[in-house]
Each structure stands twice: as structure tokens, then as C-alpha cells.
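The values are calculated or read from the model by the stated rules, or taken from the named source; none is laboratory data. All figures in this text were calculated on a predicted structure; none of them were measured in a lab. Here Cβ is always computed from backbone atoms with ideal geometry, including for glycine, and neighbour counts include all displayed protein chains. Just the protein is used for accessible areas: all its heavy atoms, side chains included, with ligands, DNA and RNA removed. Shrake-Rupley method; radii C 1.70, N 1.55, O 1.52, S 1.80 Å.
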Amino acid sequence: MTHTIASAALAAEQKSAEVTDWAGRIGWVVGLLLFVAFVYWLMRQGWKWRGSLQSDLPELPEVPSAPGEAKLTMSGRYHGSTTAGQWLDRIVAHGLGTRSRVELTLTDTGISVVRPGANDFLIPAAALRGARLDKGIAGKVLAEGGLLIVTWEHGGTLLDSGFRSDRAAEHTAWTETIDSMINTTEGIAR
């Protein structure tokens, strides 16, 4: 019995530990938020730096008001442009690095790339160098053949632009038609 009384007295004397150290917790949260903001700032600076390195790329051709009769149209997503053959070397100059929804229209003039919320541009027919199905471009990797990659020349630089249709079955028709246009244009030029 004395043992029980002694234990009860000892328990009454002990003070329970505080459940939460608010000052320490707030300090950690503020520190983490500052770290995240710093990393975001570094990423933004890197994006701007990449854009300044690519400033020699000329302005993109504008979409004509009357491009002609559409051979093909496609709704989907624009996933960006890279240096041709280097699927991780993203081009960010003139808004080419901005992913967005896209409406593509292929005409004799070229490919009209209309992007809500981003810069529209034209890939002139004379600048087209090829089209293929691939699995990835900077920032996006899909199943084999999930992306339509259009290779074109702009300002002396070969670019690969990646598109994904809302209906992936359309990709094959696009590659065949673009390659046919290129072969026809080369045959006339010879």
C-alpha cells in the first residue's frame, strides 16, 4: 500500500511533457517554405537563362489569316520543341517551351499551330524536314509512338516539335501526309 501511495505521489509531482513545441514547428515550416521558394526562384532563373542563350532564334512565322484548304486537322496537346535529334535540349525562346492545348491545321502553306494562352505560329511547308512517331520529348515520355514529332528548320536550326492528338490513331496520317509533302516539294525543286 505504501508502494501505491508513493507511486501516486511521484506521478502527481511529475509534469507531463508539452504535446507540441509550437515555436520549433513554426520555425521548421517557415524554413521549408523559404527553401521551396528558393528552389522555385532558381528554376525560374534557369528558364530565363536558357531563353537568353537561345535569343539568336528569329521570331516565329505568324499564322496566316487565310492559310488555304486544310489537308488535315488535329486537336491535342503541344509538348514543346527541342533541338532536332536531342530530345532533352528544350527550346524555350519565343514561347516554344510552353506546353499547351493545340489545334493543328496542315495546308499547302504549312502547319498552323494555334495554341490558346500561348503564342501561335506557322511551320512553313518549305521548312518541313520530316515527321515521325516517337515516345518522348523534353518533359514528356509516353508509350512508343505516342507523340507526333515534326522536324522543321527555323533560322538555320533544326527543331523537333512534339504533339499528341486527342485521338492517337491520327498520328500515322500526319506522318504520311507530311512526308508526302516533303517528297513532292523536293521533286519539284530538283
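Projecting the Cα atoms of W152, A66, F38 onto the charge dipole of the chain (Cβ charges, centred on the Cα centre) puts F38 farthest toward the positive pole.
Averaging the Cα positions of each part gives two centres, and for segment 41-109 and segment 120-190 these lie 12 Å apart. Within the assembled protein chains, the solvent-accessible surface assigned to L88 is about 120 Å², based on a 1.4 Å probe.
How much length, in nm to one decimal, is gained on full extension between A173 and A143, taken as 0.36 nm per residue of separation minus their Cα-Cα distance?
Contour length minus the Cα-Cα distance gives 9.0 nm.
So which GluC sites (Glu not before Pro) in segment 27-122 are both in a DSSP loop and have at most 10 other Cβ atoms within 10 Å of their Cβ?
Values: sites: E59, E62, E69, E103; in loops: E59, E62, E69.
Answer by residue number: E69.
Can you tell me, using C-alpha contacts under 8 Å and at least 6 residues apart, the relative contact order of the chain as a whole percent?
Details: 307 pairs, mean separation 35.6, N = 190.
Relative CO of the chain lands at 19 percent.
Magnitude of the charge dipole for segment 49-190, about its Cα centre and with charges confined to Cβ atoms of Lys, Arg (+1) and Asp, Glu (-1), is about 460 debye. Hey, what D do you get for segment 82-190 in µm²/s if you plug the Kirkwood alpha-carbon radius into Stokes-Einstein at 37 °C and 0.692 mPa s? The calculation lands on 231 µm²/s. For the chain, the 222 nm mean residue ellipticity estimated from helices alone, with every DSSP H stretch of n ≥ 4 adding -39500 (n - 2.57) and the total spread over all residues, rounds to -11500 deg cm²/dmol. The N119 and D21 beta-carbon pair, evaluated with R₀ = 45 Å, returns a calculated FRET efficiency of approximately 0.30.
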